[in-house]
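**Student:** Quick one: the structure is below, and I'll ask about it shortly.
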Amino acid sequence: MAPVLEVSGLSTVFHTRRGLVRAVQDVSFSVNAGETLAIVGESGCGKTITALSLMRLIPMPPGEITSGSVKLDGQDLLKVDEATMRTLRGSKIAMIFQEPMTALNPLLTVGKQIAEMVMLHDKASSQVARKRAVEMLHHVRIPEPERRAREYPHQMSGGMRQRAMIAMALACRPKVLVADEPTTALDVTIQAQILDLIGDLQSEFGTAVVLITHDLGVVAETAQRVVVMYAGRKVEEAPVGEIFARPMHPYLRGLLNSIPHVNSARGVEVDEPVRLQEISGIVPALNDLPPGCAFSPRCSMSEERCTRERPPFELKADDHYAACWRA
Amino acid sequence: MLTYIIRRLLLMVVTLFGVSVVIFLLLRIVPGNIADILFDSAGLIDPAEKAKIVADLGLDLPLPQQYAQWIGGLFRGDLGFSYVSEKPVLDEIAPRIPITARLAALALFFSIVAGVPLGVISAVRQNSGLDYGLRVLSLSGLSMPSFWLGLLILMFCVHFFGTIPIYDRAPETFWAWFAMLAIPAAAVGFRSSALIMRLTRSSMLEVLGQDFVRTARSKGLSEANVTYNHALRNAVLPVITTIGIETAFLFGGLIVTETVFNIPGVARFLVEAIRWRDYPMVQNLVLFIAIIVVTVNLIVDLIYMVVDPRIRYSE
Ligand SMILES: Nc1ncnc2c1ncn2[C@@H]1O[C@H](COP(=O)(O)OP(=O)(O)O)[C@@H](O)[C@H]1O
Ligand code: SF4
Ligand SMILES: [Mg+2]
């Protein structure tokens, strides 16, 4: 099966007064229909910028996608003109955001915000679009969808708004859903419900999902394949079982060690959200990266070569890639 | 919604009461009354005659009693008589109100019609040459006193047309009407439009950086739809509030402009009345202006409620 989404060599930079910020460098991955790829990493490692690059929603200037390709069903999104891209956004590739409280327009009803998109992409009449909006709200298990469609975002809880966002994102049956930390801002109990919902709709519609998170528990529960990012680059990539069974990069090991419940692959208990900030030291500034391995200042296994030469991202075991001299 | 309006109306009454007390006291704190001025200007010196005028006008009564007379008269629809012309205040004010009202409405209209779109353009084209140009223009609008701008316009008219727009009760052509009202209105409205423009720009820039704008883009909406339907609707909220406040400032500009352009409206008339310490005239005019300002602000708040569901439903 050919992957629906194929990203290769993606690099995105920001031209700032403090110099060139290399937010994403040479990132590649692919996702099949109906599958979930997780991108994990600490805050500030370039996950959101990667997601926005896929949607071509990077503010330019100051941002710039300097190289790479994002192929959706073989069509390179980075090559099409803006008008074509607009017809694809929302209809073929959709995104949900981290902050459900601010991601919806406070002055428009939720139903209208969904219907507006259906009218645009499916050339539907406003009645048809409204009906579809209500259907979608029903689909994401919002009770009394007719009434809720007429409500404004501030009348809904965070969890319900995120459901509404999902309803909106999936209203035109996109092939790819980019979910940027969809549960980070929500209560733990709601988090599980939202993830289940995404999973159910994904299998129903055959959507390929790029799930961005910094919660390894979420990864274990939902993803088939995992990409670990550090300082704008991929540092490890493998099927989810491999990742938990044989983590190679000291960064990923650090992350896993900071989780109390990880014993073996997949058997992760998610009693509480697991945050990844627990390795000592901080992420290096992306406008001033060290010459060798970006993780070397924080790495307990660091050796002389690590500070001099950047380790290549290469195959270390069967379908298991990492970028570390000592893996 | 209804309880909100009732509460606002009660608040209006309290505000107007406060205004009436303040203007009443201020007038009496300012040295000199009509009798003093008459005597100074006419060179009369007979103290008995002066005392008689003071007594006739009731200026020797205790202040609370004077105040009660004024307000009591108001409730009976009696605004009193002008000290200067000795005609009923209502007859003096009534014909002048439409003149000022037209000028003020036109000024406000200009400032909104110019301020909001230019603010949006400035924000959408942030840091372009156009943006810088508009920002300089609006800064000069804020820093230029309206009397000076009025004089500049007058000099400009005299230089290029050899004449200045003269007030005429029934102008013959549209252009005569335009020169007569639009030019003074533009002079008054320039400041407000500059303020509205700057506010629209900064509000728009803030909104354009918000998450829901990104969401709107992620749906594939056109840039025009995102800007005008999603962003502007939100950005205009603080601007609406400012428009309410600006109506109060507008009167300050009107006083000067009516004087410079020789327009017989209430604003210029007010200055004249203050000079003569024409208490009934000043008190009633100021109260009238206060009623207008407070009413406009109520209307503005109601518009705000219609636009913003968060306020509509919190009641
Ligand atoms: N508008 C911007 N201007 C400059 N740098 C930016 C901008 N947006 C993001 N960045 C940089 O990109 C890096 C990655 O950000 P992001 O992708 O949001 O991280 P995260 O992994 O937490 O989602 C940040 O560390 C930041 O320095
Ligand atoms: S390359 Fe060296 S510094 Fe980098 S992660 Fe591996 S061991 Fe640590
Ligand atoms: Mg992020």
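**Student:** Quick one: B:Thr257 ticks every box in (1) β-branched (Val, Ile, Thr); (2) more than 21 Å from B:Leu10 (Cβ to Cβ); (3) surrounded by fewer than 16 Cβ atoms within 10 Å (Cβ to Cβ) bar one, so which box is it?
**Tutor:** (3)
Here is a yes/no grid of residues against (1) over 30 Å from B:Leu205 (Cβ atoms); (2) modelled with pLDDT of 90 or more; (3) not in a helix (DSSP H, G or I):
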{"residue": "B:Ile71", "(1), (2), (3)": "yes, no, no"}
{"residue": "B:Thr100", "(1), (2), (3)": "yes, no, no"}
{"residue": "B:Leu103", "(1), (2), (3)": "yes, no, no"}
{"residue": "B:Val116", "(1), (2), (3)": "no, yes, no"}
{"residue": "B:Gly119", "(1), (2), (3)": "no, yes, no"}
{"residue": "B:Asn127", "(1), (2), (3)": "no, no, yes"}
{"residue": "B:Gly141", "(1), (2), (3)": "no, no, no"}
{"residue": "B:Leu152", "(1), (2), (3)": "yes, no, no"}
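**Student:** In the stretch B:84-98, which residues are touching a helix residue (DSSP H, G or I) at 6+ places or on another chain (Cβ under 9 Å), of a type outside the set (A, V, I, L, M, F, W, C) and part of a helix (DSSP H, G or I)?
**Tutor:** Passing the criteria: B:Glu92, B:Arg96.
**Student:** Tell me, which helices (runs of 4 or more DSSP H) lie completely within the stretch B:171-230 with 1 or more residues that are away from every other protein chain (no Cβ under 14 Å) and within 30 Å of B:Val260 (Cβ to Cβ)?
**Tutor:** Numbers: elements: B:174-177, B:183-208, B:211-218.
Of the helices (runs of 4 or more DSSP H) lying wholly inside the stretch B:171-230, those with at least 1 residues that are away from every other protein chain (no Cβ under 14 Å) and within 30 Å of B:Val260 (Cβ to Cβ) span B:174-177, B:183-208.
**Student:** For the stretch B:275-315, give me the residue count where each residue is in contact with a Pro (Cβ under 7 Å, 6 or more places away or on another chain) and over 25 Å from B:Asn234 (Cα atoms).
**Tutor:** Taking the stretch B:275-315 as the starting set, the residues that turn out to be in contact with a Pro (Cβ under 7 Å, 6 or more places away or on another chain) are B:310.
From the residues that got through so far, the ones that are over 25 Å from B:Asn234 (Cα atoms) too are none.
Final tally of qualifying residues: 0.
**Student:** Filter the stretch A:199-218 for residues that are part of a helix (DSSP H, G or I) and crowded, with 24+ Cβ neighbours inside 10 Å; which is farthest from ligand 3 (Cβ to nearest atom)?
**Tutor:** Filtering first and then ranking leaves A:Leu216.
**Student:** Residue by residue through the stretch B:270-315, note down the ones that are in contact (Cβ under 8 Å) with a residue 60 or more places away in the chain and hydroxyl-bearing (Ser, Thr, Tyr).
**Tutor:** Once the filter is applied, which keeps residues that are in contact (Cβ under 8 Å) with a residue 60 or more places away in the chain and hydroxyl-bearing (Ser, Thr, Tyr), the stretch B:270-315 yields B:Tyr279, B:Thr295, B:Tyr304.
**Student:** Related question: Is there any pair with a first residue in the stretch A:1-16 that is under 15 Å from A:Lys92 (Cα atoms) and a second that is outside any strand (DSSP E or B) whose Cβ atoms are under 6 Å apart and which are 6 or more apart or on different chains, and what are they?
**Tutor:** Once the first residue is under 15 Å from A:Lys92 (Cα atoms) and sits in the stretch A:1-16, its partners that are outside any strand (DSSP E or B) give A:Pro3/A:Asn32; A:Val4/A:Ala33; A:Val4/A:Lys175.
**Student:** Tell me, please, whether a residue that is farther than 29 Å from A:Asp73 by Cβ and part of a helix (DSSP H, G or I) can be found in the stretch A:161-178.
**Tutor:** yes
Okay, residues lined up against (1) within 14 Å of chain B (Cβ to nearest Cβ); (2) surrounded by fewer than 22 Cβ atoms within 10 Å (Cβ to Cβ); (3) of a type in the set (A, V, I, L, M); (4) within 16 Å of ligand 1 (Cβ to nearest atom):
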{"position": "A:Glu151", "(1), (2), (3), (4)": "yes, yes, no, no"}
{"position": "A:Gln155", "(1), (2), (3), (4)": "yes, yes, no, no"}
{"position": "A:Gly158", "(1), (2), (3), (4)": "yes, yes, no, no"}
{"position": "A:Arg163", "(1), (2), (3), (4)": "no, no, no, no"}
{"position": "A:Ala167", "(1), (2), (3), (4)": "yes, no, yes, no"}
{"position": "A:Pro182", "(1), (2), (3), (4)": "yes, no, no, yes"}
{"position": "A:Ala185", "(1), (2), (3), (4)": "yes, yes, yes, yes"}
{"position": "A:Ile190", "(1), (2), (3), (4)": "no, yes, yes, no"}
{"position": "A:Leu197", "(1), (2), (3), (4)": "no, yes, yes, no"}
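**Student:** Next up: Please work out if A:Pro3 is surrounded by fewer than 21 Cβ atoms within 10 Å (Cβ to Cβ), within 16 Å of ligand 3 (Cβ to nearest atom) and not hydroxyl-bearing (Ser, Thr, Tyr).
**Tutor:** Working: surrounded by fewer than 21 Cβ atoms within 10 Å (Cβ to Cβ): yes; within 16 Å of ligand 3 (Cβ to nearest atom): no; not hydroxyl-bearing (Ser, Thr, Tyr): yes.
No.
**Student:** Check every one of the helices (runs of 4 or more DSSP H) wholly within the stretch A:59-147 and list those with 1 or more residues that are more than 14 Å from chain B (Cβ to nearest Cβ), within 23 Å of the chain's Cα centre (by Cα) and more than 28 Å from A:Thr16 (Cα to Cα). Please lay out each step first, then the result.
**Tutor:** Working: elements: A:82-88, A:110-122, A:126-139.
Of the helices (runs of 4 or more DSSP H) lying wholly inside the stretch A:59-147, those with at least 1 residues that are more than 14 Å from chain B (Cβ to nearest Cβ), within 23 Å of the chain's Cα centre (by Cα) and more than 28 Å from A:Thr16 (Cα to Cα) span A:126-139.
**Student:** Right, here's the next one. Out of B:Thr247, B:Thr227, which single residue is at pLDDT 85 or above and either buried (at least 24 other Cβ atoms within 10 Å of the Cβ) or not hydrophobic (A, V, I, L, M, F, W, C) (or both)?
**Tutor:** Being at pLDDT 85 or above and either buried (at least 24 other Cβ atoms within 10 Å of the Cβ) or not hydrophobic (A, V, I, L, M, F, W, C) (or both) holds for just one of B:Thr247, B:Thr227, which is B:Thr227.
**Student:** Still on this structure: Within the stretch B:240-250, can one find any residue that is under 18 Å from B:Pro98 (Cα atoms) and of a type outside the set (S, T, N, Q)? Let's see the steps before the verdict.
**Tutor:** Going residue by residue through the stretch B:240-250, those that are under 18 Å from B:Pro98 (Cα atoms) are B:247-248, B:250.
Applying the additional criterion that residues be of a type outside the set (S, T, N, Q) yields B:248, B:250.
Yes.
The values are calculated or read from the model by the stated rules, or taken from the named source; none is laboratory data. Remember, predicted model here, so these are calculated numbers, not experimental data. Virtual Cβ from ideal backbone geometry, glycine too; neighbours counted across all protein chains shown.
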